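**Q** Here it is: the structure, laid out below.
Nothing in this text is a laboratory measurement; each read-out follows from the coordinates by a stated rule. For clarity, every value in this text was computed on a predicted model and none was experimentally measured. Cβ atoms come from the backbone with ideal geometry, glycine included; neighbour counts cover every protein chain shown.
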Protein chains: 2
Amino acid sequence: MVVTGNQCFAEKPARWIWFPGDYEIWLGNDLQNRRTERGTFFPPFWKMDSHYVMVEFSTEVDLQEPETIYVTTEGRYNVKIDGAFQTGMPRQLTIPTGKHAINIKVYNQATVPALFVQGKTIVTGPQWKATFEDKEWIDDSGKASDKTGTTYVQAGSWHFDTPENKPSQFKLATKLQSAVKTEYVNQGLLVDFGRETMGFPYFHGLSGRGALNVYYGESREEALDKDQCELTDVYEVDGTKTSDLLFSDSKAYRFLYIETSGNLSFSNLDMLYEYNPIKYKGTFRCNDELINKIWDVGAYTMHLTTREFFIDGIKRDRWVWSGDACQSYLMNYYLFFDSPTVQRTMQLLRGKDPVTSHMNTIMDYTFYWFLSIYDYYLYTGDKTFIESLYPRMESLMSYVLGRCNERGLLEGKAGDWIFIDWADGYMDKKGEVSFEQLLYCRSLEIMAFCAGLLNETGKQHDYSTLAADVKRLLMKEFWDPSKHAFLHNKINGVSDGAVTRYTNMFAIFFNYLNDQQKQEVKKHVILNDSIMKISTPYMRFYELEAMCAMGETDYVMKEMRGYWGGMLKEGATSFWEKYNLTEKGVEHLAMYQRPYGKSLCHAWGASPIYLLGKYYLGVKPTAPGYASFEIRPVLSDLTWMEGTVPTPNGNINVYMDKKTIKVSASEGEGYLYFKAKSPTTSAGTIEPLPSGEYRLLIRGDGTPVTILLNAN
Amino acid sequence: MVVTGNQCFAEKPARWIWFPGDYEIWLGNDLQNRRTERGTFFPPFWKMDSHYVMVEFSTEVDLQEPETIYVTTEGRYNVKIDGAFQTGMPRQLTIPTGKHAINIKVYNQATVPALFVQGKTIVTGPQWKATFEDKEWIDDSGKASDKTGTTYVQAGSWHFDTPENKPSQFKLATKLQSAVKTEYVNQGLLVDFGRETMGFPYFHGLSGRGALNVYYGESREEALDKDQCELTDVYEVDGTKTSDLLFSDSKAYRFLYIETSGNLSFSNLDMLYEYNPIKYKGTFRCNDELINKIWDVGAYTMHLTTREFFIDGIKRDRWVWSGDACQSYLMNYYLFFDSPTVQRTMQLLRGKDPVTSHMNTIMDYTFYWFLSIYDYYLYTGDKTFIESLYPRMESLMSYVLGRCNERGLLEGKAGDWIFIDWADGYMDKKGEVSFEQLLYCRSLEIMAFCAGLLNETGKQHDYSTLAADVKRLLMKEFWDPSKHAFLHNKINGVSDGAVTRYTNMFAIFFNYLNDQQKQEVKKHVILNDSIMKISTPYMRFYELEAMCAMGETDYVMKEMRGYWGGMLKEGATSFWEKYNLTEKGVEHLAMYQRPYGKSLCHAWGASPIYLLGKYYLGVKPTAPGYASFEIRPVLSDLTWMEGTVPTPNGNINVYMDKKTIKVSASEGEGYLYFKAKSPTTSAGTIEPLPSGEYRLLIRGDGTPVTILLNAN
């Protein structure tokens, strides 16, 4: 690659590097502080961390011939070769033949200290080390200390691969997008972009003087409600500048309503759509156009909310919430399989020590973060990332352990938000809430798992023991055989008998219940209309996952059509933060006591992406990173379906109709499970299983395999 | 006060506020990263912290009439009145009559979030609260949470008192200073400013093109040694700009040597002296001009190194070092009594949690920080500051406790620098070094003291117990009666019999030894030439303090003349980092194996300021903040002396000759102690004491009191 201005022809690509997690924190601050509400700055209410302002990067090289390296940084810097300062801030220098240590220290308060080094063989990348304190001092004799106390970590990096492509300058992609309909309403112009979108309003042919008053609406009603729409902008035009005006803030809307004052006019309004230029790797098609549309709108919802990070919604909050992100990750594994965005989001959420509150201040959200670590490892097999997070996993868990009550369980303390879900009814969040204990228990199991993965056997034992204790207490205190369900909570050890869905449905796919108990929960809780219903796609995700895990794919197919199909019938062009089928008309727009408070594009609305990939195409990893996998396609009431599930370095393709299954996989090795009368294939030996299913070994060599389900 | 542009006539002065400690960290990063070495950026090697990027400030008001407030910030912000967002970023708004809560949230990544509010009665200042996480969330019903989990602290502030006087724009004062001598040497011009100074070189009448090569020297030799002087600058002049050039970096020097290239010439060179416009409150004069000069050069040394913070030296490192600062604080109490600079320095040094290494990486420096807290409280009586530091005192001590060995003592672990002193001989720093245990013990005592001060009785007990344990071990393991001294160290419980001065002299003024033991130490260690001598003013400070504490003021007077007088004889215009009387000529300039490595203006060189005020004028507090004090003037071999010692809100003045003592104090109450034959005064009753001394009660009402020592 030719590095601009450097006359250097490199053998390897270089990457900008930084202290791991720091760029993510910095970019997260930038993103999360862009929120406004009717022109008022609206930042998050939890601690915002900051990067290390001084970072030393280092590597060791062994050169066959002298090599010139070109140094670009974001920040003031110095360079040491073999411990000796190089004069000034050298832009290029030549490293002699042989073994040498290169240390470059970068200081930057405003943006993240970052380094780009490009030589023929010497290039920055994750193989470089980083530290925020080098602890090297010079003694009286002029000798440097041995730096044995310095903690080095692997440098962080992403896709910034030229000196000009500086991390602090990162922007999402944009493209011009025109309105589909324009009409004059009252004193203004209403512009409809046809579906939920996000980007920069772009006015053309401005003339005269006055104010542009812009009212944004995810719905027509919102845009036209000048007093109560959530997002507004006012821009004063004095007629002296250019006649084209591109807004500098990107906002979410489908409709824009514009009123002008003075003699201001404009000829045209379109927008720059702002998006993450990410590739759709997962696909799904079937004979049912409603399901296809649900998948498409789900994918679009995911695309809109997959930005610098996985955010909750594009109108608001545009913040990174751990519980929301946990679902985005899972959907991502069936759509984009974009691991860098998962990593960025998880790093931002964790931030820096010390931990002073739960993640996003929410106790459950702390635990979802642990849950997502296991998911990440299972889907990607990326142990290195787990390793880099592990110290901060430990400090977060130690914060949690420090807040247990004398029974070893968790109750909300001052400042702890027990969220669980937005419910359309009363939910008691005081005392020991069983749902929090359940997530706590699973998080401890994941700590034990990761400790084992990193050969921390002492820690593995400690966390396993703790997890077993909590699980025992969870079952003893909250499983009520007479109710065939977990109780919702206990205050001072006493329950009022209330049962909610949350603990019960999670306990199914966590496998904390035996088959008998699962069936009891299904009947007495999930299919029991007297238990408070769920009105967010957020918890519908887990409810349907629980049903799928019990093989209730027909039920779930129907629910998808009813719930997500219901939103489509209401005109949704992306999926919503909350949907209650009993509400009507503009009731669907309201939330938080505000008429347009609801987000109409919320990541957690997109769960059919995940459900269709995992439980209908039936693809999931059974060993980290799809080293082994399972394909268990389920047609339910469809007549055919086909789709692709991405894996770390390839795809698994599945086609199924009532007579045929066709699969291929490009990495790993796994089994295809299916039911059939008398299946045949030319691609191996089909084994009948005691369960009545058949299975066939599928090798990840890309070969298409066809099974005829009923050859006779 | 009239606030510019606000048409507002305020009843109270407002101050810019920030999260306490954050401005100090930010300013410290700015200062400490200005160091260069021959043009190469040379930052500190320890962790640099950063400010909270998002801070919420709040106050509650109760208004008799509506009041308009004017809001200025450094950062993006929002305003809530009684929990309700105000539109946009209001520059001014009116608060109605009655009780109201004002919350203003400020975001700033590059500089510290800061707020200035000015109304008639509503003004920002330390009475406002600050938090870095407000934890306020909105529930489904639109209701805000009660924020009970939010930790508020008192806002930080300093002297920034107008909207225009922004904290991030802070600069020290400057004034024009001319050279005292100019001569041509070799191909260049040597300019002598007459004494050690610091500031911005200022070239006038530049014409032609070429490079200005500037070589800085604290000594003539250094400036003329182009290859080895520590500080250099090169500035390219292309003849197209102004003919005057003011350098943008302030550096330390007495001499500037300039060579130009091309046809570049200039008519004149002077400088802008950069300084802290701080008031000398302490004074000292006596009949001995050498002592007067020592005091003056000491005060100038202190002035040069008392800048944004108390720094070590002005040539290098221009960093804030805890051990150095601990002495600066003490000298400050006898010269400037500038508490804000003490507070800033202590806050910067402590930085933010988590603690990842000792302060400046040096174990002893961690402990000096604790020691300086006690000193600060004793001299200022400022309990509020102790309160605000206490949580971080605890986390720092908990870091220390986590590094104890199984005997409960401290050994250097990887990354720990055991400094003690720059010595002209071998000092073993391995194993359990007695000096570190001594400082550790004293630090635990101070933790116990502060816990008691803040009514943390449980903690007080714990720290007292720990301190007693360490003291017992210190005496048992290291006090060697046969050597009449503390042993230097033990490795695996075994000493090689080495004795050094450090533990022994500190144990005297810590009062860890009885009178008998003190006399033994005096004879067998301090006055014993076979024990390695001290060659830094840094440890001379403590050695002479120990001697003064034993009443050896005649000895110390002689030592001051010899040691500091010795530096003056060598031409010192400020006091040095190190001074070995046996060295000659340019040997005095070298250190760290570099010919000009030594700093010739080092804060720790100024200790006579402290010794003369505390042990000759004899003034010290005996209760916090000079609520009570002691004046014990000692002439030693002087015939007369007079001087002033500043107190928090006043002064204590002392004059003494062989016949008379005159004192006055403007606050507190204390005793004047003196020896005399038959003293008389009209100012009260002189009490004879069993020791043979007399004492007289001095009230802090400013009344001059005269005692005739030998009336008969």
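**Q** Taking the Cα centroid of the stretch B:361-406 and of the stretch A:151-205, what is the distance between the two, rounded to the nearest whole Å?
**A** The stretch B:361-406 and the stretch A:151-205 have Cα centres spaced 50 Å from each other.
**Q** Then there's this: What net charge do the residues around B:Arg632 carry, taking every other residue with its C-beta under 12 Å from that of B:Arg632, with Lys and Arg at +1 and Asp and Glu at -1?
**A** Local charge sum for B:Arg632: +2.
**Q** Then there's this: So the label point sits 7 Å from Cα along the Cα-to-Cβ vector; using that for A:Glu587, what distances do you get to the other copies, in nanometres, sorted shortest first?
**A** For A:Glu587, the inter-copy label distances come out at 9.6 nm.
**Q** Please arrange B:Ser168, B:Ser267, B:Ser250, A:Ser530 by how many other C-beta atoms lie within 10 Å of their C-beta, fewest to most.
**A** Details: B:Ser168 17, B:Ser267 11, B:Ser250 21, A:Ser530 8.
Neighbour counts put them in this order, fewest first: A:Ser530, B:Ser267, B:Ser168, B:Ser250.
**Q** Further question on the same structure: From the label point of B:Glu289, set 7 Å along Cα to the beta carbon, how far off in nm is each other copy's matching point, shortest first?
**A** Spacings between copies for this position, smallest first, are 10.8 nm.
**Q** Another question, then. Which whole-angstrom value gives the distance between the alpha carbon centres of the stretch B:573-622 and the stretch A:245-308?
**A** When both Cα centres are located, 69 Å separates them.
**Q** Something else: Would you work out if the stretch B:441-560 is rounded, prolate or oblate? Take a ≥ b ≥ c from the square roots of the eigenvalues of the alpha-carbon gyration tensor; rounded if a/c is under 1.5, else prolate when a/b is larger than b/c, oblate otherwise.
**A** oblate
**Q** Follow-up question, since we're still on this one. Evaluate 2.2 N^0.38 Å with N set to the residue count of the stretch A:1-112, then give the Cα radius of gyration divided by it.
**A** Values: Rg = 18.5 Å, N = 112, 2.2 N^0.38 = 13.2 Å.
So the Cα radius of gyration is 1.40 times the expected 2.2 N^0.38 Å.
**Q** By average Cβ neighbour count within 10 Å, what is the ranking of B:692-701, A:288-297 from highest down?
**A** Numbers: B:692-701: 16.4, A:288-297: 18.3.
Going by the mean number of other Cβ atoms within 10 Å, highest first, we get A:288-297, B:692-701.
**Q** When the label point is put 7 Å from the Cα of A:Leu708 along its Cα-to-beta-carbon vector, which residues of the stretch A:657-683 have a backbone N closer than 18 Å?
**A** Residues A:657-663, A:675-683 qualify, since their backbone N sits under 18 Å from the label point.
**Q** Highest first, please rank the peptides B:48-60, A:511-523 by the mean number of other Cβ atoms sitting within 10 Å of their residues.
**A** Averaged packing, sorted descending, gives the order B:48-60, A:511-523.
**Q** Another question, if that's okay. For the pair B:Asn268/B:Glu669, report the inter-label distance in nm, with labels modelled 7 Å from Cα in the Cβ direction.
**A** Once both label points are built, they end up 6.0 nm from each other.
**Q** If you don't mind, another one. Sort shortest first the distances from B:Lys675 to its counterpart in every other copy, using label points 7 Å along the Cα-to-beta-carbon line, and give them in nm.
**A** Once sorted, the set of distances for B:Lys675 reads 10.8 nm.
**Q** For A:Ser261 and A:Leu290, what does the FRET efficiency come to when R0 = 51 Å and r is the distance between their Cβ atoms, rounded to the nearest 0.05?
**A** Values: r = 46 Å, r/R0 = 0.90.
Plugging the Cβ-Cβ distance into 1/(1 + (r/R0)^6) gives 0.65.
**Q** Can you list the residues of the stretch B:34-65 with backbone N under 16 Å from a point 7 Å past the Cα of B:Thr94, pointing along Cα to Cβ?
**A** Output list for this probe position: B:63-65.
**Q** What's the extension gain from B:Ala84 to B:Leu246 if we count 0.36 nm per residue and subtract their Cα-Cα distance?
**A** In short, 53.3 nm is gained.
**Q** Also: Under the Kirkwood approximation applied to all pairs of distinct alpha-carbon atoms, what is the hydrodynamic radius of the stretch A:69-138 in Å?
**A** 12.9 Å
**Q** Tell me, what is the percent relative contact order of chain B, built from C-alpha pairs under 8 Å that lie six or more residues apart?
**A** Once normalised by length, the contact order is 11 percent.
**Q** Given the pairs A:Lys413/B:Lys129; A:Lys383/B:Lys430; A:Lys105/B:Lys578, which are separated by over 32 angstrom at their Cα positions?
**A** A:Lys383/B:Lys430
**Q** When Lys and Arg each count +1 and Asp and Glu each count -1, what net charge do the other residues less than 12 Å away from A:Lys99, Cβ to Cβ, add up to?
**A** Working: positive: none; negative: A:Glu60, A:Asp62, A:Asp82.
Once positives and negatives cancel, what remains is -3.
**Q** So if I place +1 on the C-beta of Lys and Arg and -1 on the C-beta of Asp and Glu, and nothing else carries charge, what would the dipole magnitude of the stretch B:621-708 be about its Cα centre? I want it in debye, nearest 20.
**A** Using Cβ point charges on Lys, Arg, Asp and Glu, the stretch B:621-708 gives about 280 debye.
**Q** To continue, here is another question. Please list log₁₀ I(q)/I(0) at q = 0.15, 0.18 Å⁻¹ for the stretch A:618-708, using the Debye equation with identical point scatterers on the alpha-carbon positions.
**A** -0.50, -0.73
**Q** Next up: Take the Cα atoms of chain B, build their convex hull, and give its volume per residue in Å³. Could the numbers behind the result be given before it?
**A** Details: hull volume 142.0 nm³, N = 712.
Output value, Cα hull per residue: 200 Å³.
**Q** So what is the 222 nm mean residue ellipticity for chain A from helices alone, if each DSSP H run of at least 4 adds -39500 (n - 2.57) and you divide by all residues, rounding to the nearest 500 deg cm²/dmol?
**A** -8500 deg cm²/dmol
**Q** Still on this structure, I have one more. Counting other Cβ atoms within 10 Å of each Cβ, which trypsin sites (Lys or Arg not before Pro) in the stretch B:615-663 have at most 11 and sit in a DSSP loop?
**A** Qualifying residues, ordered by number: B:Lys658.
**Q** Return the distance in nm (one decimal) between the two label points of a simple spin-label model at A:Lys658 and B:Asp554, each offset 7 Å from Cα along Cα→Cβ.
**A** Result for the modelled spin labels: 11.9 nm.
**Q** Moving to a separate point now. Quick check on the stretch A:262-327: take the gyration tensor over C-alpha atoms, sort the square-rooted eigenvalues as a ≥ b ≥ c, and tell me if it's rounded (a/c under 1.5), prolate or oblate. Kindly include the intermediate steps, with their values, before the conclusion.
**A** On the way: a/c = 2.56, a/b = 1.46, b/c = 1.75.
Since a/c reaches 1.5 but b/c is at least a/b, the shape of the stretch A:262-327 is classed as oblate.
**Q** To make sure I understand, if each residue's beta carbon is the centre and we count other beta carbons within 10 Å, what order do A:Thr162, B:Thr97 fall in, fewest to most?
**A** Exposure proxy ranking, most exposed first: B:Thr97, A:Thr162.
**Q** Please report how far the C-alpha centroid of the stretch A:5-73 lies from that of the stretch B:448-482, rounded to the nearest whole angstrom.
**A** Cα centroid of the stretch A:5-73 versus Cα centroid of the stretch B:448-482: 46 Å apart.
**Q** Straight-line reach from A:Lys659: which lysines fall under 24 Å, measuring Cα to Cα and dropping same-chain residues less than 8 apart?
**A** Those lysines meeting the cut-off are A:Lys558, A:Lys614, A:Lys620, A:Lys675, A:Lys677.
**Q** Which whole number gives the average, over all residues in B:136-143, of C-beta atoms from other chains lying within 10 Å of the residue C-beta?
**A** Partner Cβ neighbours, averaged per residue: 5.
**Q** Which order do the peptides B:83-89, B:392-398 take when ranked by the mean count of other beta-carbon atoms within 10 Å per residue, highest first?
**A** B:392-398, B:83-89
**Q** Expected output is a single nm value to one decimal: the length gained when fully extending between B:Leu176 and B:Asp515, i.e. 0.36 nm times separation in residues minus the C-alpha distance. What is it?
**A** Length gained, B:Leu176 through B:Asp515: 116.6 nm.
**Q** Tell me whether the stretch A:173-275 comes out rounded, prolate or oblate; compute the Cα gyration tensor, take square roots of the eigenvalues as a ≥ b ≥ c, and use a/c under 1.5 as the rounded threshold.
**A** Here the stretch A:173-275 falls in the oblate category.
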